[in-house]
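Student: Below is one structure. I have some questions about it.
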Amino acid sequence: MTAAPLLELRDVRCDFSVERGFLRARRTLRAVDGVSLALRPGETLGIVGESGCGKSTVANLMLGLIRPSAGAVLLSGTPIDRMDRRAVAQRVQPVFQDPYASLNPRKTVRAIVGLPLSVHGAAADPGDAARRVSAMLDMVGLPRHLADSYPGELSGGQRQRVAIARALVLRPNIVVCDEPTSALDVSVQAQILNLLLDLRRELGLAMVFISHNLAVVEHVAQRVAVMYLGRVVEEATAAALFRAARHPYTQALLLSVLTPEPGRGIPDARLGAGFPDPLAPPPGCSFHPRCPLAEARCAATAPALAGRGEGEGTVACHVAGALNSAMP
Amino acid sequence: MSGALAPSEGIAGPRPGARVLAASARHPGLVAGLAVLLLLTVAALAAPLLAPHDPYAQDLANRIVPPAWMDGAKTAHPLGTDHLGRDYLSRLLYGARVSLGIGLAVALLSGLIGTALGVTAGYFGGRIDMIISFVVTTRLALPIVLVALAAVALVGASLQTLVAVMALLLWDRYAVVMRAATQQMRSRAFVTAARAVGCSTPRIIVAEILPNLANQLIVVATLEMAQAILLEAALSFLGLGVQAPIPSWGLMIAEGKEHILFEPWLIFMPGALLVLLVLAINTLGDGLRDVAAPSTRA
């Protein structure tokens, strides 16, 4: 805990009001519930979890695109909702999952990458803007002649490079990547991942890397937070987490990692029951209906985040907590 | 349906314009409709050159001269004359100007109203959407012809009033289509990306969303133009649209209705042209919809 966090979520809660149909009462969906996370300079924070666990809501909170219902999102100590939209944009930029949807089909690559410059009036003159766009295309490994192409003429990997160029053209110090490779062909995923890693080193970026793919997160992140139903259930350094997962959910996720080895089939994650209805989360520990280790108290009280025992990090589990305290 | 479009070719074709253009050339209805519309437009624009006579010049000695293919025709009046001896060909040509001009003006003006309302409702949603949707529903509950008649009778008939009244009545389809299309667009990641970059809301709507609605806008505009031309003809026929002596096809039908039994060509010619023009525009619009915005087929 040496450097001050660049980006910090402090006990953030985020509710959405969900309409369930004509004449039926609106219900509150708690997408994020009491999440605290910190991103330090130059660090990469991985966030993993199933679909619907609130990963993308966390990304939108970090980008200042939605306001927290409670708690605070701090950018270098300043609450993000008290900052000017464009000041936030200069420091945090996103890379989205689907490069087919994240690029405007009616705009050329040049216009897409140049948009942040023109919105911020960052370029001294049109020539300067053109130079910076070209330099950015070089940096993400796109041939300059593609500058006048439309997204429809590019491959998935090329499109994601355009999206990365757009995110970096303002030279932000934080990039929030929300499943940046999962919409791409397997052969292209590695290229994009390596590009992100190279850029991270070259530009000294801090990154938030959101993914459901644990193998990728292990490769990229220094610290990992595991989310389940809007809460962080375990957080630790990548090395510690992948060596010895404490939370039963993390353990199940690790078991479910698909390997490209043929003949091994789809692994059984031992998660029997399906993902619970986020509109009516289970009482107590929200994971208990699917947990192999669940006890009576798990259905009654929600566990708080506590020390993991081994090294730094935290875990929210009655049983894992007991295991920790039992260990010397 | 051309059948040539794979479902995956939605909005993100290779080069947006080129794909639509290539598919258009292969669509028979679109090409036929466009050809007829172009022909009538050229005729309307070149009316002063093509018309053999002044469309307002009366010649009471030559009243109700039959057209060239009937007995008693005169070479000076290839399509005959009306009850005041005015050359019918000249009046039909100048009438095309009125129909096309009013159709275009109404399609543009109602397009402005409807697009503004639809995009606003679709982008902001919530309460704003509720209010605008209520306005649209209210507008749909009004009988167009009756309200137009009442409004024109109240304000007094003139070309400007006619265009204004029709523009205020015919924007609903724009609003409905643009609202749905905007809702679809605003949830796409490129809009979120623009917000994350710090784009202002007006800029997002105008520069990011509107260009993606152009296809559907053109389709609706075409169909609305046909609708406006028909309404103009109906109002003119009822005497509350274009006023004599300005030549309008609807007015010409009205003026010819006393002669329907013995000189039916007086009604037949403007009527046929009206059908031809509206059919051409509708065929073009349907074709454009097939090619440019297949998702909006209703």
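Student: Need a quick list: strands (runs of 3 or more DSSP E) entirely within segment A:184-246 having at least 1 residues that are closer than 22 Å to A:Ala167 by Cβ and either in contact with a strand residue (DSSP E or B) (Cβ under 8 Å, 6 or more places away or on another chain) or assigned by TED's automatic domain parsing to the domain that holds A:Ala59 (or both).
Tutor: Counting at least 1 such residues, we get A:206-211, A:223-228.
Student: Filter segment B:180-231 for residues that are away from chain A (no Cβ under 14 Å) and charged (D, E, K, R) and give the result.
Tutor: Listed by number, the list holds a single entry, B:Glu224.
Student: Let me ask something additional. Could you tell me which of the residues A:Leu61, A:Leu115 is within 27 Å of A:Pro281 (Cβ to Cβ), in contact (Cβ under 8 Å) with a residue 12 or more places away in the chain and crowded, with 23+ Cβ neighbours inside 10 Å?
Tutor: A:Leu61
Student: Mind checking which pairs have a first residue in segment B:201-213 that is touching a residue at least 12 places away in the same chain (Cβ under 8 Å) and a second that is among the basic types (Lys, Arg) and open to solvent by 30 Å² or more (accessible area, probe 1.4 Å), Cβ under 7 Å, 6 or more apart or different chains?
Tutor: Hits for this filter: B:Ile204/B:Arg195; B:Ile209/B:Arg186; B:Asn212/A:Arg106.
Student: For segment A:33-58, give me each residue that is open to solvent by less than 40 Å² (accessible area, probe 1.4 Å) and within 14 Å of another protein chain (Cβ to nearest Cβ).
Tutor: Correct list: A:Thr57 only.
Student: Return the residue satisfying two criteria in turn: it lies in segment A:82-117 and is more than 7 Å from chain B (Cβ to nearest Cβ) and outside any helix (DSSP H, G or I), and of such residues it is nearest to B:Phe190 (Cα to Cα).
Tutor: That would be A:Pro99.
Student: Right, here's the next one. So is A:Arg30 in the same structural domain as A:Arg223 (by TED's automatic domain parsing) and either open to solvent by less than 30 Å² (accessible area, probe 1.4 Å) or not in a loop (DSSP other than H, G, I, E, B) (or both) or not?
Tutor: Here the answer is yes, as A:Arg30 does meet what is asked.
Student: Are any of the residues in segment B:190-202 aromatic (Phe, Trp, Tyr) and more than 18 Å from the chain's Cα centre (by Cα)?
Tutor: Scanning segment B:190-202, I find at least one residue that is aromatic (Phe, Trp, Tyr) and more than 18 Å from the chain's Cα centre (by Cα), so the answer is yes.
Student: Looking at (1) buried (at least 20 other Cβ atoms within 10 Å of the Cβ); (2) modelled with pLDDT under 90, can you tell me which one A:Ala183 breaks?
Tutor: Evaluating A:Ala183 over (1) buried (at least 20 other Cβ atoms within 10 Å of the Cβ); (2) modelled with pLDDT under 90 leaves (1) as the failure.
Student: Which condition number does A:Ser286 fail, the rest of (1) at pLDDT below 80; (2) closer than 18 Å to A:Arg231 by Cβ being met?
Tutor: It fails just one condition, (1).
Student: Which one is nearest to A:Ile47 (Cα to Cα), of the residues in segment A:152-183 that are within 14 Å of chain B (Cβ to nearest Cβ) and β-branched (Val, Ile, Thr)?
Tutor: Among those that are within 14 Å of chain B (Cβ to nearest Cβ) and β-branched (Val, Ile, Thr), it is A:Val176.
Student: So A:Ile210 fits all but one of (1) more than 18 Å from B:Ala193 (Cβ to Cβ); (2) touching a Lys or Arg at 6+ places or on another chain (Cβ under 6 Å); what number is the exception?
Tutor: For A:Ile210, the failing item is (1).
Student: Which one is farthest from the other protein chains (Cβ to nearest Cβ), of the residues in segment A:131-151 that are assigned to a loop (DSSP other than H, G, I, E, B) and either within 26 Å of the chain's Cα centre (by Cα) or charged (D, E, K, R) (or both)?
Tutor: A:Gly141
The values are calculated or read from the model by the stated rules, or taken from the named source; none is laboratory data. The shown structure was predicted, so the numbers you read here are calculated from the model rather than taken from an experiment. As a convention, Cβ positions derive from the backbone with ideal geometry for all residues, glycine included, and neighbour counts pool all protein chains shown. Calculation scope for accessible area: heavy atoms of the full protein, side chains included, ligands and nucleic acids excluded. Shrake-Rupley method; radii C 1.70, N 1.55, O 1.52, S 1.80 Å.
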